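Working notes, beginning with the structure itself.
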Amino acid sequence: MIDQGPPTNLPEWWATTSSALDTKMGLEVTELTAQRTVGSMPVEGNTQPYGLWHGGASGVLAETLASIASYAHAQPDGMAVGVDLNVTHHRPARAGRVTGVATALHLGRRVTSYEVVISHESGVRVATARVTCHVLRPGHDEAQHDTDAS
């Protein structure tokens, strides 16, 4: 396989949006639109003590892909936060890479939802997730975080 370098079809804002968790887990995003977002992670380094792909890694991959797709939908002035995640695990993966494909089910003004299919590089489906995000827009939603315990 010839290395063609990093994907060039990603929005400019993505270069400054990835998180420390994305880096730690080895996330590579190759397609990013509100309708469809694709990314992959290595199995190695993201396993249970038994050497199997960790179900929590499926959750991270699914929520990350859906959240950044929702963010793309909310642009240019909004943002999105995940509010619901459901993952069904179908088969284990022991090595190689897994790829998630987040496909929009609903792109509303305030809510988005995605189906995320996670497959092993061999083509076997590892997990299926559903993610719902809340779209926040300035002047319509005030994302306030109350840190006062009272």
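Filter segment 108-130 down to the residues that are more than 15 Å from L65 (Cα to Cα) and not charged (D, E, K, R) and list them by number.
Passing the criteria: G108, V111, H120, S122, G123, V124, V126.
Within segment 43-50, can one find any residue that is touching a Pro at 6+ places or on another chain (Cβ under 6 Å) and surrounded by fewer than 19 Cβ atoms within 10 Å (Cβ to Cβ)?
No: segment 43-50 contains no residue that is touching a Pro at 6+ places or on another chain (Cβ under 6 Å) and surrounded by fewer than 19 Cβ atoms within 10 Å (Cβ to Cβ).
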Does segment 117-134 contain at least one residue that is in contact with a strand residue (DSSP E or B) (Cβ under 8 Å, 6 or more places away or on another chain), more than 23 Å from N9 (Cα to Cα) and in a helix (DSSP H, G or I)? no
Selected residue (only one of T112, T37 is at pLDDT 95 or above, assigned to a strand (DSSP E or B), closer than 22 Å to W13 by Cα and touching a Gly at 6+ places or on another chain (Cβ under 9 Å)): T37
Identify the residue in segment 70-96 that is part of a loop (DSSP other than H, G, I, E, B), farther than 15 Å from L32 by Cβ and in contact (Cβ under 8 Å) with a residue 60 or more places away in the chain and, among all such residues, is nearest to the chain's Cα centre (by Cα). G78
Cβ-Cβ under 6 Å, sequence separation 6+ or interchain: first residue in segment 17-35 and polar (S, T, N, Q), partner at pLDDT below 95. Which pairs? T30/P7
So, in segment 68-124, exactly how many residues are of a type in the set (G, A, S) and under 24 Å from Q48 (Cβ atoms)? 9
Which condition breaks for V83 when tested against (1) surrounded by fewer than 17 Cβ atoms within 10 Å (Cβ to Cβ); (2) touching a strand residue (DSSP E or B) at 6+ places or on another chain (Cβ under 6 Å); (3) within 19 Å of M41 (Cα to Cα)? (3)
Looking at segment 10-24, which of the residues that are under 26 Å from Q75 (Cα atoms), outside any loop (DSSP other than H, G, I, E, B) and of a type outside the set (S, T, N, Q) is nearest to the chain's Cα centre (by Cα)? D22
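The values are calculated or read from the model by the stated rules, or taken from the named source; none is laboratory data. Because the structure is predicted, anything quoted here is derived from the model rather than measured. Here the Cβ is made from the backbone with ideal geometry for all residues, glycine too, and neighbour counts use every protein chain on show.
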